[in-house]
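Accompanying notes for the structure given below.
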Amino acid sequence: MDYFNYKKNTLYAEDVDLNILAEKYGTPLYVYSLKTMTEHYKKIESAFSDIDKIICYSVKANSNIGILNEMKKLGSGFDIVSGGELYRVLKINANPKKIVYAGVGKTKQEIEYALKSNILMFNVESINELKIIDLVSKKLKKKAAVAIRINPDVNASTHEYITTGKKENKFGIDIVLAFNIFRIAKKLKHIDIKGIHIHIGSQITTVVPYIDAIVKITKFIKDLTTEDIIIEYLNIGGGLGVIYNEEKPATADEFAYAIKPYLANLNVKIILEPGRFIVGNAGILLTKVIYDKKGIKKNFLIVDAGMNDLIRPSLYGAFHKIIPVNLSAKEKMIYDIVGPICESGDFLGKERTLSESKEGDLLAIRSAGAYGFSMSSNYNSRLRCAEVLVKGNKHYLIRKRETYEDLIKLEKIIE
Ligand code: PLP
């Protein structure tokens, strides 16, 4: 579900004609629909309305402060994974008591920054990290609230690069080793054990792996009581999938309906960390055809967006629908839609059927709101895109297009 629809033969973001946005802001351009992300946030909120919970939007999915601020207005907290993400959420005056901090490689400086900012808790991913948090909080004369991230060893049945809850993944602490870590944590004077965190992967389309993980964790929580360790929070992570093509992911309601019975007797507060589910379908990447190029084997549409703008197709072979902004009755052709970058892996879609297209035609790469701009780079010294947020018939520039000056402003020539 989203609010990018055709009116007559023209694609709109909510009530705004995408031709107008391309004209005003140039291309490539990320365009987000506020209504789409708001509705997705509310779907999760209402599916879990009868549960004591905190929704912590996962900043990595789309970290523009214009979007974070809208999430804050909806009541969301934040899941962060770096000092940079903490900086962003503090900039929008997020409530620190709704910030949780995961990531396998938190540095001492980042830990200190988070402790001084009074975040709700760290999601600790290793014994050495736990010891460092203890040391840093001792130095600050504080007690750090932590959840231990457990790797429950379940198969999330998603792309191997975005599976995080198998024992071969670097994330969390193996469930078989975790019990001992809790014992150690209990003895650390500057650590306050608050909870358990699991996040088993991303773009997960069924509830089964969540149930598998929660069942394992339920037993674990019971076992912990034998050590007088009481868990206050269970953070079940993010990972809910969205529709890119033909997927049929569980809806928020189906997800909640399936897992709530397993949470019912735990007597814990639940934390959810959705990212993609909220913003994935709420963004498109608007791009313009630079050249059409007919080869012997392939027809290419060379567009002004590349893998530096949207890396998901190149990195994971991810599929994004690509549709014209202006429908035409021209003959259908099969195209590879590729960027201008000097890599054969620089493609946005392969073997796509589109009406015959030419220089200047506008295309929309759908479902690009999550892990789109936030994973973009300056590769090939390309300027990162502008981002626009649409609200009804209004549009707001929430990030300017970079300039050539921006490209080199931190660099220096030595004498
Ligand atoms: N929580 C953690 C710890 C993550 O690592 C991620 C993504 O990798 C998320 C939440 C958000 O995942 P998604 O965008 O699939 O909801």
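The values are calculated or read from the model by the stated rules, or taken from the named source; none is laboratory data. Small disclaimer: the values here were computed from a predicted structure and weren't measured. Glycine also receives a Cβ, built like all others from the backbone with ideal geometry; neighbour counts cover every protein chain displayed.
Quick rundown of the values:
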quantity	calculated
Of the criteria (1) in contact with a Phe, Trp or Tyr (Cβ under 8 Å, 6 or more places away or on another chain); (2) buried (at least 19 other Cβ atoms within 10 Å of the Cβ); (3) among the hydrophobic types (A, V, I, L, M, F, W, C); (4) not assigned by TED's automatic domain parsing to the domain that holds Lys391, which one Leu234 fails	(1)
Scope region 286-314; condition of a type in the set (Asp, Glu) and either within 16 Å of the ligand (Cβ to nearest atom) or crowded, with 24+ Cβ neighbours inside 10 Å (or both); matching residues	Asp309
Which listed residue, of Ala364, Ala386, Ala368, is within 21 Å of Lys35 (Cα to Cα) and in contact with a Pro (Cβ under 8 Å, 6 or more places away or on another chain)	Ala364
Residue within region 393-404 that is touching a residue at least 24 places away in the same chain (Cβ under 8 Å), exposed (fewer than 13 other Cβ atoms within 10 Å of the Cβ) and of a type in the set (Asp, Glu) present	no
Set Tyr210, Tyr244: member being within 14 Å of the ligand (Cβ to nearest atom) and either of a type outside the set (Phe, Trp, Tyr) or surrounded by 23 or more Cβ atoms within 10 Å (Cβ to Cβ) (or both)	Tyr210
Filter result for Gly195 (touching a helix residue (DSSP H, G or I) at 6+ places or on another chain (Cβ under 9 Å), touching a residue at least 24 places away in the same chain (Cβ under 8 Å), within 16 Å of the ligand (Cβ to nearest atom) and of a type in the set (Gly, Ala, Ser))	no
Lys60 within 15 Å of the ligand (Cβ to nearest atom), among the charged types (D, E, K, R), under 20 Å from Ala370 (Cβ atoms) and in contact with a Gly (Cβ under 7 Å, 6 or more places away or on another chain)	yes
Considering residues of region 85-131 that are of a type in the set (Val, Ile, Thr) and surrounded by 20 or more Cβ atoms within 10 Å (Cβ to Cβ) only, the residue farthest from the chain's Cα centre (by Cα)	Ile111
Residues within region 51-69 that are assigned to a helix (DSSP H, G or I) and in contact with a Leu (Cβ under 6 Å, 6 or more places away or on another chain), tallied	1
Elements of type strands (runs of 3 or more DSSP E) contained in region 76-157, each with 1 or more residues being hydrophobic (A, V, I, L, M, F, W, C) and more than 14 Å from the ligand (Cβ to nearest atom)	144-151
Residue ID - farthest from the chain's Cα centre (by Cα), chosen from residues in region 354-374 that are within 16 Å of the ligand (Cβ to nearest atom) and at positive phi	Ser367
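Here is a yes/no grid of residues against (1) in contact with a Leu (Cβ under 7 Å, 6 or more places away or on another chain); (2) modelled with pLDDT under 95; (3) part of a loop (DSSP other than H, G, I, E, B); (4) buried (at least 19 other Cβ atoms within 10 Å of the Cβ):
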site: Lys216; (1), (2), (3), (4): no, yes, no, no
site: Lys219; (1), (2), (3), (4): no, yes, no, no
site: Glu254; (1), (2), (3), (4): no, no, no, no
site: Ala258; (1), (2), (3), (4): no, no, no, no
site: Ile270; (1), (2), (3), (4): yes, no, no, yes
site: Val279; (1), (2), (3), (4): no, no, no, yes
site: Ile284; (1), (2), (3), (4): no, no, no, yes
